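Participant: I'd like to ask some things about the structure below.
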């Protein structure tokens, strides 16, 4: 979906159409959840501090996010998907992979399926969606971003190299700033450059990720579209109104642990690992984790572990923090409860 949250706001409020809309709480420490394309033309993008977005686009209209409404619209989009295939793997409220190798409507090509879905979304929901069509998930993701907004791009199997090799290596998933700098030191700037490197060399420099880089450089991605993928992790976080020392973070950690525990009760599986995330005033991110012998069995136990993890953050008493988060990961199937033995056996 194109600029999903902002587009929903513009759709539902005609006064916002054609104007720079920023979905965010207009507070000192909030971040941008979404920006309309009118706002993006000023350099505004999601995850940007709202105060910076306001400086870049002083005439922007700030709208507080309404995630309940966005979830309803996301569900409506998902229902359109289901007319065509049951193989749907959501990534978020506004993005999903669809496997249409065999589709319910009998359309002869994936391109026609994508075109039909986009038309149905536009006609029924009055929203725009972009689609990428390709032989695998990795390439389809790249293609979906290629002609945004309101675009459709197709990568045929015989055109993979023509599309892929000239791309900057930074377009590959997992290649962030650090990996990009390591690749640059090896003289690797494009996917074509990457393809010339032997697998063993890449594994020497990047470990297990070296194999993934080698596969991506050749357009290989064997990951299937998995509907109802089980939860891998859940987390909650919040930003302080003012930077605070570590000693003053306990109330926030307790509130977040309660919120996280409540959310975890909706999962059929149990989490083994507790994670604490801290962001310093200099935007350095620290994480600490612990996997107890048995999963946390209560909110109090979860909170206790999170607070003990805080003790492993040792940057000195003068360090200030702007954000804290608490998470659960390493989800596993719940072990069957052993029946209580009969007292009179």
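Participant: Looking at residue 52, is it under 23 Å from the mean Cα position of the chain (by Cα), surrounded by fewer than 17 Cβ atoms within 10 Å (Cβ to Cβ), touching a residue at least 60 places away in the same chain (Cβ under 8 Å) and over 27 Å from residue 122 (Cβ atoms)?
Facilitator: In short, no.
Participant: Here is a further query. Kindly indicate the residue of segment 272-293 that is touching a helix residue (DSSP H, G or I) at 6+ places or on another chain (Cβ under 9 Å) and surrounded by 18 or more Cβ atoms within 10 Å (Cβ to Cβ) and also nearest to residue 254 (Cα to Cα) among those meeting that condition.
Facilitator: That would be 276.
Participant: Now a separate question. With surrounded by 16 or more Cβ atoms within 10 Å (Cβ to Cβ), over 26 Å from residue 47 (Cα atoms) and assigned by TED's automatic domain parsing to the domain that holds residue 319 as the only criterion, which of 260, 309 stands out?
Facilitator: Criteria check complete, one pass: 309.
Participant: Additional query: Return yes when residue 254 is within 20 Å of residue 299 (Cα to Cα), surrounded by 13 or more Cβ atoms within 10 Å (Cβ to Cβ), out of contact with any helix residue (DSSP H, G or I) (no Cβ under 9 Å at 6 or more places or on another chain) and modelled with pLDDT of 90 or more and no when it is not.
Facilitator: So residue 254 fails the test.
Participant: Return the residues of segment 144-167 that are out of contact with any helix residue (DSSP H, G or I) (no Cβ under 6 Å at 6 or more places or on another chain) and within 18 Å of residue 190 (Cβ to Cβ); say none if nothing qualifies.
Facilitator: 145, 146, 159, 160, 161, 162, 163, 166
Participant: Another question, if that's okay. Can you pull out the residues in segment 19-40 that are in a loop (DSSP other than H, G, I, E, B) and either modelled with pLDDT under 95 or within 18 Å of residue 239 (Cβ to Cβ) (or both)?
Facilitator: 24, 25, 26, 27, 28, 29, 30, 32, 33
Participant: Would you mind stating whether residue 160 is crowded, with 16+ Cβ neighbours inside 10 Å, in contact (Cβ under 8 Å) with a residue 40 or more places away in the chain, closer than 14 Å to residue 219 by Cβ and more than 19 Å from the chain's Cα centre (by Cα)?
Facilitator: Here the answer is yes, as residue 160 does meet what is asked.
Participant: Sticking with this structure for a sec: Do we find that residue 108 is closer than 19 Å to residue 223 by Cα, outside any helix (DSSP H, G or I) and not assigned by TED's automatic domain parsing to the domain that holds residue 23 in this structure?
Facilitator: no
Participant: To continue, here is another question. Give 140, 129 a once-over and let me know the one that is over 16 Å from residue 217 (Cβ atoms), in contact with a strand residue (DSSP E or B) (Cβ under 8 Å, 6 or more places away or on another chain) and at pLDDT 95 or above.
Facilitator: Result: 140 is the single residue among 140, 129 that is over 16 Å from residue 217 (Cβ atoms), in contact with a strand residue (DSSP E or B) (Cβ under 8 Å, 6 or more places away or on another chain) and at pLDDT 95 or above.
Participant: Being under 30 Å from residue 214 (Cα atoms) and surrounded by fewer than 13 Cβ atoms within 10 Å (Cβ to Cβ) is true for just one of 102, 79, 95, 124. Which residue is that?
Facilitator: Every option except 102 fails the conditions.
Participant: Additional query: Restricting to segment 68-108, name every residue that is free of Cβ contacts under 8 Å to residues at least 12 places away in the same chain and closer than 30 Å to residue 19 by Cα.
Facilitator: Within segment 68-108, 68, 72, 75, 79, 91, 92 qualify.
Participant: Which of (1) touching a residue at least 60 places away in the same chain (Cβ under 8 Å); (2) exposed (fewer than 15 other Cβ atoms within 10 Å of the Cβ); (3) more than 30 Å from residue 229 (Cβ to Cβ) is the odd one out, the single condition residue 64 does not satisfy?
Facilitator: (1)
Participant: Looking at this structure, is residue 131 crowded, with 17+ Cβ neighbours inside 10 Å and under 22 Å from the mean Cα position of the chain (by Cα)?
Facilitator: It is true that residue 131 is crowded, with 17+ Cβ neighbours inside 10 Å and under 22 Å from the mean Cα position of the chain (by Cα).
The values are calculated or read from the model by the stated rules, or taken from the named source; none is laboratory data. For clarity, every value in this text was computed on a predicted model and none was experimentally measured. Cβ: placed from backbone, ideal geometry, glycine included. Neighbour counts: every protein chain shown.
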